[in-house]
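For reference, the structure discussed in these notes is given below.
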Amino acid sequence: MADSTVRAPAMSARMRAFEGLRTLKSAQGWLPALAVAIGVVLIASPFLATVARSLLVGEEASLTLGLGNFTGMFGDKRFWQALGMTAIMGTGATLLACIFGLGLAWIVARTDLPGRNWFDTLNVIPFFLSPFVGAVSWTYLAAPNVGLLNQLLAALGLPATMLNIYSVGGVIWVLALFYTPYVYLFIISPMRRMDPALEDAARAHGAGFWLTLRHVTAPLMLPALLSGALVVFVTSAGLFDVPLALASPHGIRTIPTTVFQVVQYPSDYGLASAIGVLVMTFTVLITLMQRSYLSRRSFATVTGKGYRPRTVQLGKWKIAAFALELLYIGGGVVLPMLALVFVALSPLWTGRPEPANFTLANFEFVLFKHDLAQRAMVNSLIVATLGASVGVCIGALQSYYLQRGASRLRTFMDAFLSLPIGIPGIILGLGFLILALRTPLYSTLWIILIAYIARFLPFATRGISAMLVSLSTDLEESARAGGATWLQTMRMIVLPLIWPAIVAAWLMLFVIFIRELGATILLYAQGTETISVAIVIMGERNFGYVAALAVLQALLLFAAFALFRLTRSSLLEN
């Protein structure tokens, strides 16, 4: 009897350990894999739907298989004109963004310019603002004859048409302003951690500052610069927002605006799908080419020694460095926001601010009386809050799979799950539109939510992976050895340690979802408008209402940006 009394608890403990191990293996095996499977479905479904629809020719009631959509696309001069304009705008924006990003990163990371910490924060603000709102703001600033800057030039005796934002150059300028932070963020970290011995060796052999910068520093930044340039090119060339505001009003076509026009009534989903397949194929190919190029070369810039790069004394060049910072921050943040505020406070915009007549009537109407604006703000908050929450949950599990999983498919999955970063929002939206037609999801907020998660999930996955990869597995192994299940280990060990990264990823998705237009413009219906869609619709009627709603959106994005910076500071301190 005594024997059995002693052995029963021992047997129970072994059974509990066995059950815990089985639960660990089960949850650890299928939960991250399920998240990856969801990501694969979200990417593959719109892609396959677009491919399938591109191969169906004829009227919707009598479709047949064929290549007619592709032959029609390649035989259409408008397509080639749009493709040429898209390439010019994407290339121009990429070059200008690389010049800005490289210069700003070098000033902040390597020079003695006063206020570098402030500039480090200010340089990334445009990333969190809406490019479409920025484009609208620049119409108030640089529209021929009536733009604020043009009127200022006219007062100085210069032509009032000197600046024309409704042009290819105007599109390139606005795109570069809002995509410079991509290049900046790619470059700033390796530039801060570069081994100074590489530059010292060049100077010891007689190379001057500019020669060292051109032949040593810049080439060593090449992988970061290429990565940033690739992201900027594929995203800016595929952006719908800025060309819609600045190019379309004057008949300048791009691929995204052409897709939008083709889908309007009478809709030609076959031609739109053929263009979408071409764009997605190009995106995948250019991504694979970049990975192949970087994998064959060595760009080691950080050694095991605790060195920091030498701070460059600017001397008389401080004025030039300040000028570059002020040019970028003024063009990307200060001037557009001032223009929006001036227009929003004006009862009737005449092209000139009149402080004596400023009023809050536009804000009052948008907040309390305008049904479309009210509905759009509610819809955006719902989609952004719910979408960011779901996206972070899936992204965290995908990150665990990519960093801790034992599958040999991790490398392939990492590349595959990153594909939506380069796919234009309007192309992905087209794929989901084709999927949702004749289903209950059509014309609902749910299809917009799904499209948002599919498009921007890689941002959450990458952000959390960067934190997870820095954590040693010792703590997890210790918890498991103590009998904790995988779910308990995640809840009590892993999640508290990566919590700042999760909050930062949530805020990033929230900001992106609030400002997104490209993935929404083909999916919304009456009742499911978002803030960006409402600005497009209202833009045809009243500048004051548009500016007021844009200011409210900007304030919301600024608040999220401030929280993001606080979270990022906490992440760096930990």
Of all residues in region 83-103, count the ones that are open to solvent by 40 Å² or more (accessible area, probe 1.4 Å), within 20 Å of Val242 (Cα to Cα) and not small (Gly, Ala, Ser).
-> 6
Does Val378 fit the bill of being in contact (Cβ under 8 Å) with a residue 40 or more places away in the chain and out of contact with any Asp or Glu (no Cβ under 6 Å at 6 or more places or on another chain)?
-> no
Test result for Leu397, in a helix (DSSP H, G or I) and open to solvent by 50 Å² or more (accessible area, probe 1.4 Å) = no
Of all residues in region 352-388, which are open to solvent by less than 80 Å² (accessible area, probe 1.4 Å) and outside any helix (DSSP H, G or I)?
-> Pro353, Phe358, Thr359, His370
Hey, does region 523-531 have a residue that's assigned to a helix (DSSP H, G or I) and under 24 Å from Ala135 (Cβ atoms)?
-> yes
Please find, among Leu435, Leu449, Leu417, the residue that is under 25 Å from Thr257 (Cα atoms) and under 21 Å from the mean Cα position of the chain (by Cα).
-> Leu449
Within region 238-251, of all residues that are open to solvent by 20 Å² or more (accessible area, probe 1.4 Å) and out of contact with any Phe, Trp or Tyr (no Cβ under 8 Å at 6 or more places or on another chain), the one nearest to Ile172 (Cα to Cα) is Leu239
Quick check, is Leu449 of a type outside the set (Val, Ile, Thr), assigned to a helix (DSSP H, G or I) and closer than 20 Å to Ala237 by Cα?
-> no
Of all the residues that make up region 452-475, how many are open to solvent by less than 10 Å² (accessible area, probe 1.4 Å) and more than 16 Å from the chain's Cα centre (by Cα)?
-> 1
Among residues of region 252-278 being farther than 15 Å from Ile434 by Cβ and open to solvent by 50 Å² or more (accessible area, probe 1.4 Å), the residue modelled with the lowest pLDDT is Tyr265
Which number in (1) in a loop (DSSP other than H, G, I, E, B); (2) within 30 Å of Ala97 (Cβ to Cβ) marks the one condition that Leu340 misses?
-> (1)
Restricting to region 479-532, what's the tally of residues that are over 24 Å from Ala460 (Cα atoms) and either at pLDDT 90 or above or touching a Pro at 6+ places or on another chain (Cβ under 8 Å) (or both)?
-> 7
Lone qualifier among Phe100, Phe128, Phe132 - being modelled with pLDDT under 90 and within 28 Å of Tyr166 (Cβ to Cβ) | Phe128
Of the criteria (1) open to solvent by 50 Å² or more (accessible area, probe 1.4 Å); (2) within 14 Å of the chain's Cα centre (by Cα), which one Glu516 fails | (1)
Selection within region 40-65 - modelled with pLDDT under 90 and small (Gly, Ala, Ser) = Gly58, Ala61, Ser62
Quick one: how many residues across region 405-439 are of a type in the set (Phe, Trp, Tyr), surrounded by fewer than 20 Cβ atoms within 10 Å (Cβ to Cβ) and in contact (Cβ under 8 Å) with a residue 12 or more places away in the chain?
-> 1
What number of residues in region 68-82 are surrounded by fewer than 20 Cβ atoms within 10 Å (Cβ to Cβ) and among the hydrophobic types (A, V, I, L, M, F, W, C)?
-> 3
Residue in region 157-174 that is nearest to Gly351 (Cα to Cα), counting only those that are in contact (Cβ under 8 Å) with a residue 60 or more places away in the chain and open to solvent by 50 Å² or more (accessible area, probe 1.4 Å) | Tyr166
Subset of region 252-283 [within 15 Å of Glu60 (Cβ to Cβ), part of a helix (DSSP H, G or I) and among the small types (Gly, Ala, Ser)] | Gly270, Ala272, Ser273
Mind checking which pairs have a first residue in region 520-543 that is in contact (Cβ under 8 Å) with a residue 40 or more places away in the chain and a second that is part of a helix (DSSP H, G or I) and of a type in the set (Lys, Arg), Cβ under 9 Å, 6 or more apart or different chains?
-> Gly527/Arg375; Thr528/Arg375; Glu529/Arg375; Ile531/Arg515; Ser532/Arg515; Ala534/Arg375
Which one of the conditions (1) out of contact with any Asp or Glu (no Cβ under 8 Å at 6 or more places or on another chain); (2) open to solvent by less than 30 Å² (accessible area, probe 1.4 Å) does Thr530 fail to meet, given that it meets all the rest?
-> (1)
Is it the case that Ser569 is outside any helix (DSSP H, G or I) and modelled with pLDDT under 80?
-> no
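The values are calculated or read from the model by the stated rules, or taken from the named source; none is laboratory data. Computed from a prediction, not measured in an experiment: that's the story for all the values here. A quick note on method: Cβ atoms are made from the backbone with ideal geometry, for glycine too, and the neighbour counts reach across all protein chains shown. Side chains are part of the model used for accessible areas, which takes the heavy atoms of the whole protein and leaves out ligands, DNA and RNA. Shrake-Rupley method; radii C 1.70, N 1.55, O 1.52, S 1.80 Å.
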